[in-house]
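**Q** Quick one: structure below, then a few questions.
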Ligand SMILES: NC(=O)c1ccc[n+]([C@@H]2O[C@H](COP(=O)([O-])OP(=O)(O)OC[C@H]3O[C@@H](n4cnc5c(N)ncnc54)[C@H](O)[C@@H]3O)[C@@H](O)[C@H]2O)c1
């Protein structure tokens, strides 16, 4: 039985706590949050110990695995502490705010010998997993253009850090990282990026359109927005047009990503001389899929091949270049 602690009792921590509950080889033993009332309520709801101080949880609680669901700018500090205490870590995306900080983190993880995975949950999300299978099996042929989009209203659940240019950096970092990562997973190394974006009153680029060229020759456009008008549900969309087929995936949550129960999700595949395939997708909890895989890596004592550390670094490098391109208007070639 894997004993798990969660750092942070905010929005996404609930998805993690539910995923732990759904697995029969995991138990939530502790949670930490500086907000005492929210942390204690979370601990009562999930029947685990509460710590106000995350350092104390790492020192004292009965945990082997830690899920870091803290504001992004705190990930580095707590991954370092987890590494010092020898805890395996599943860390929320974006793993860090800069390339240098990500590299430092990965070096610490390597030195400590802990199992470490970034929670790029889209790699475990029905719809995206089918798209990857279709692409890799050749059903789409040569893909000449893909489009990946992720849009919602401005987050309003009190997480001011998310809309601070250095602590969360808004949609261009927090939302874009999902699609840039999935496209990297699909098409391989990124060659160059160009970003057209709007900066709003928060000082963050909260609506971004990035053109991405891959070394393999594939091309894609990715959109990320926190600028949808009131009432617009959290929406993900992906389309890949290939020489043999076109696939389209649409997902709409109830309101924000925390409201997956009210979601609708559909995959369409169009191929020459075949009836279109239109499939409503059942959403098997992607956070549970992600955790199940991560724990299998812990059991095997192996780093996660489905979310390689090197790709985490490349994706943060791409996000940094996209932010720079939004500022300068230049096409930027990525160098490792
Ligand atoms: N994978 C996904 O689908 C997904 C969705 C949303 C958020 N995220 C990521 O998860 C992370 C958390 O996002 P969120 O929306 O849950 O944020 P949130 O603001 O809702 O929750 C963060 C929690 O951390 C607590 N906290 C802050 N500083 C702390 C400290 N020093 N010690 C202990 N607790 C502290 C806050 O009080 C808060 O309860 C971010 O990196 C975000 O990008 C991922």
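The values are calculated or read from the model by the stated rules, or taken from the named source; none is laboratory data. Note that the structure is predicted; figures quoted are calculated from it, not measured. We place every Cβ from the backbone using ideal geometry, glycine too, and count neighbours over all the protein chains shown.
**Q** In the range 64-76, which residues are near the ligand (Cβ under 8 Å from one of its atoms) and part of a helix (DSSP H, G or I)?
**A** Matches in the range 64-76: 72, 74, 75.
**Q** Name the single residue that is surrounded by the most Cβ atoms within 10 Å (Cβ to Cβ) among those in the range 183-206 being within 24 Å of residue 10 (Cβ to Cβ) and in contact with a strand residue (DSSP E or B) (Cβ under 8 Å, 6 or more places away or on another chain).
**A** Among them, the one singled out is 205.
**Q** In the range 11-56, how many residues are surrounded by 20 or more Cβ atoms within 10 Å (Cβ to Cβ), under 24 Å from the mean Cα position of the chain (by Cα), within 15 Å of the ligand (Cβ to nearest atom) and outside any helix (DSSP H, G or I)?
**A** 4
**Q** Continuing with the same structure: Got at least one residue in the range 227-236 being at pLDDT 95 or above and touching a helix residue (DSSP H, G or I) at 6+ places or on another chain (Cβ under 7 Å)?
**A** So far as the range 227-236 goes, no, none of its residues is at pLDDT 95 or above and touching a helix residue (DSSP H, G or I) at 6+ places or on another chain (Cβ under 7 Å).
**Q** I want to confirm something. Restricting to the range 249-259 and keeping residues that are assigned to a strand (DSSP E or B) and surrounded by 19 or more Cβ atoms within 10 Å (Cβ to Cβ), which single residue is modelled with the highest pLDDT?
**A** Of all residues in the range 249-259, those assigned to a strand (DSSP E or B) come to 249-252.
Those left that are additionally surrounded by 19 or more Cβ atoms within 10 Å (Cβ to Cβ): 249, 251.
Working: 249: 96, 251: 93.
Result: 249.
**Q** Part of a loop (DSSP other than H, G, I, E, B), surrounded by 18 or more Cβ atoms within 10 Å (Cβ to Cβ) and more than 17 Å from the chain's Cα centre (by Cα) - does that describe any residue in the range 209-230? First the steps, then the outcome.
**A** Restricting attention to the range 209-230, the residues satisfying the condition of being part of a loop (DSSP other than H, G, I, E, B) are 215-218, 226-230.
Keeping just the survivors that are surrounded by 18 or more Cβ atoms within 10 Å (Cβ to Cβ) gives 218, 226.
Now restrict to residues that are more than 17 Å from the chain's Cα centre (by Cα): 218.
For the range 209-230, residues part of a loop (DSSP other than H, G, I, E, B), surrounded by 18 or more Cβ atoms within 10 Å (Cβ to Cβ) and more than 17 Å from the chain's Cα centre (by Cα): present.
**Q** Kindly indicate whether any position in the range 300-314 is over 25 Å from residue 16 (Cα atoms), modelled with pLDDT of 95 or more and outside any helix (DSSP H, G or I).
**A** no
**Q** Here is a further query. Within the range 96-109, is even one residue closer than 21 Å to residue 285 by Cβ and either crowded, with 22+ Cβ neighbours inside 10 Å or within 11 Å of the ligand (Cβ to nearest atom) (or both)?
**A** No: the range 96-109 contains no residue that is closer than 21 Å to residue 285 by Cβ and either crowded, with 22+ Cβ neighbours inside 10 Å or within 11 Å of the ligand (Cβ to nearest atom) (or both).
**Q** Okay, next question. Which of the residues belonging to the range 128-167 are within 16 Å of the ligand (Cβ to nearest atom), surrounded by 22 or more Cβ atoms within 10 Å (Cβ to Cβ) and modelled with pLDDT of 95 or more?
**A** Within the range 128-167, 128, 148, 150 qualify.
**Q** Pick from 111, 130, 100, 80: which is in a helix (DSSP H, G or I) and free of Cβ contacts under 8 Å to residues at least 12 places away in the same chain?
**A** Result: 100 is the single residue among 111, 130, 100, 80 that is in a helix (DSSP H, G or I) and free of Cβ contacts under 8 Å to residues at least 12 places away in the same chain.
**Q** Another one. Would a scan of the range 266-278 turn up a residue that is free of Cβ contacts under 8 Å to residues at least 60 places away in the same chain, within 16 Å of the ligand (Cβ to nearest atom), in a strand (DSSP E or B) and within 23 Å of residue 147 (Cβ to Cβ)?
**A** Looking for residues that are free of Cβ contacts under 8 Å to residues at least 60 places away in the same chain, within 16 Å of the ligand (Cβ to nearest atom), in a strand (DSSP E or B) and within 23 Å of residue 147 (Cβ to Cβ), one finds none in the range 266-278, hence no.
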